[in-house]
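What follows draws every value from the coordinates through simple rules; no lab data is involved. Since we're looking at a predicted model, the values are computed, not measured. So basically every Cβ, Gly included, is an ideal-geometry build from the backbone, and we count neighbours across all protein chains shown.
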């Protein structure tokens, strides 16, 4: 009973009294001292710190705050930090509307429309990706197979997924339990990529409302030499979706930053970018007005923000000498994606809004 009560109390405290961390360090890629107020209850802290600072920042103050009091703290103490990033429940949005500059979801999803012909779908791939897929199939004699065997699931989980996640994320690896992934497997199946008739990579997928959802990936024993074969998994998922009359392939989540490696890899497949509301929380950016430091922050952390008009890209241009039409056009073309309606360029002194009419 005591443990149960403690668990309930911790849940309530965490929900309404999130941690606040005031930290200072050197802004990544610069020599600027940068002070950030982070408000959250999860490991997202560590991710944001790694993106923001070039080394381990100094913790100036750590505490908890009652969510309704955060607005007052931001208004009265804005001079004490360069930027506040707060992860708060979506229900709190009316309290902060007009106070935050930008907000986003913790993750964005990317979905491939499979209602057209295979050639039409492939035409949306980047040219570089099309060449890689053709080369992989030619050089490695790749093939695929679908499995609903529990024995195969055991092989995928222990020999592919877990080693792959540990290899890729190290100490920050988040490994889902065997039973959790097994439940997902029972709602879908496994797609194995075969190289010379040996399974070297795999994808756990689910079927949800005529959508093939790529849920978890793995490569045999986490072997780096098989990483390139992962590029073929999405292609075969598209083929499976087409062959089974599905309307889309959901590539699932990635971090909401335009230069995130996972996001960039998935973007090559020509998907539509969508906000991911399942987390039921917003990531707010307070005190994010144009300045030298903030222009640099959004240059190294270009954001996919959620607005009433849809998703937009927030991109910093730290060097005022680069604020001209050619640079803006280049940044727009480099970061263009279906689902992103336009871009806001942040300079040291102003913001520039660019509507993307390409889609």
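Within the range 180-254, the percentage of alpha carbon pairs spaced more than 17 angstrom apart rounds to 42%. Report the label-to-label distance for residue 99 and residue 46 in nanometres (one decimal), using points 7 Å from each Cα along the Cα→Cβ vector. Each label point is offset 7 Å from its Cα along the Cβ direction, giving 2.9 nm. Full extension of the chain between residue 91 and residue 115 gives 5.1 nm of extra length, using 0.36 nm per residue less the Cα-Cα distance. With the simple spin-label model, which puts each label point 7 Å out from Cα in the Cβ direction, the residue 225 to residue 325 separation comes to 5.3 nm. Placing a label point 7 Å from the Cα of residue 336 along the Cα-to-Cβ line, the residues of the range 299-327 whose backbone N sits under 16 Å from it are 313, 326-327. Treating r as the C-beta distance of residue 54 and residue 158 and R0 as 45 Å, the FRET efficiency rounds to 0.75. Rounded to the nearest 10 degrees, the inclination of helix 127-140 to the longest alpha-carbon principal axis of the chain is 40 degrees.
As a proxy for reagent exposure, ranking 300, 85 by other Cβ atoms within 10 Å from fewest up yields 300, 85. Mind pulling the angle between the C-alpha long axis of helix 325-335 and the longest principal axis of the chain? Nearest 10 degrees, somewhere in 0 to 90. Once rounded, the angle reads 50 degrees. With everything on Cα atoms, drop me the angle between helix 2-16 and the longest principal axis of the chain, reported from 0 to 90° to the nearest 10. For helix 2-16, the angle is close to 70 degrees. Highest mean first, the peptides 221-227, 201-207, 93-99 sorted by other C-beta atoms within 10 Å per residue fall in the order 201-207, 221-227, 93-99.
The range 215-251 and the range 66-89 have Cα centres lying 42 Å from one another. Potential lengthening of the chain between residue 354 and residue 134 amounts to 75.6 nm, from the contour at 0.36 nm per residue minus the alpha-carbon distance. Ordered by the number of other Cβ atoms lying within 10 Å of each residue's own Cβ, fewest first, 105, 30 fall into the sequence 30, 105.
Computed from the Cβ-Cβ distance with R0 of 41 Å, the FRET efficiency linking residue 289 to residue 177 stands at 0.40. Cβ crowding within 10 Å, taken as a proxy for footprinting-reagent exposure, orders 192, 81 from fewest neighbours to most as 81, 192. Compactness check for the range 108-275: Cα Rg over 2.2 N^0.38 Å is 0.97. Between the alpha-carbon centers of the range 291-359 and the range 120-182, tell me the distance in whole angstrom. About 33 Å separates the Cα centre of the range 291-359 from the one of the range 120-182. When Cα extents along the principal axes in Å is computed from the coordinates, the matching label among (1) 85, 56, 46; (2) 61, 46, 43; (3) 65, 64, 36 is (3).
Label-to-label distance, residue 72 versus residue 150, with points set 7 angstrom from Cα along the beta-carbon direction: 5.8 nm.
Structural size metrics of the range 273-354, computed from C-alpha coordinates, are Rg and Dmax of 12.9, 41 Å.
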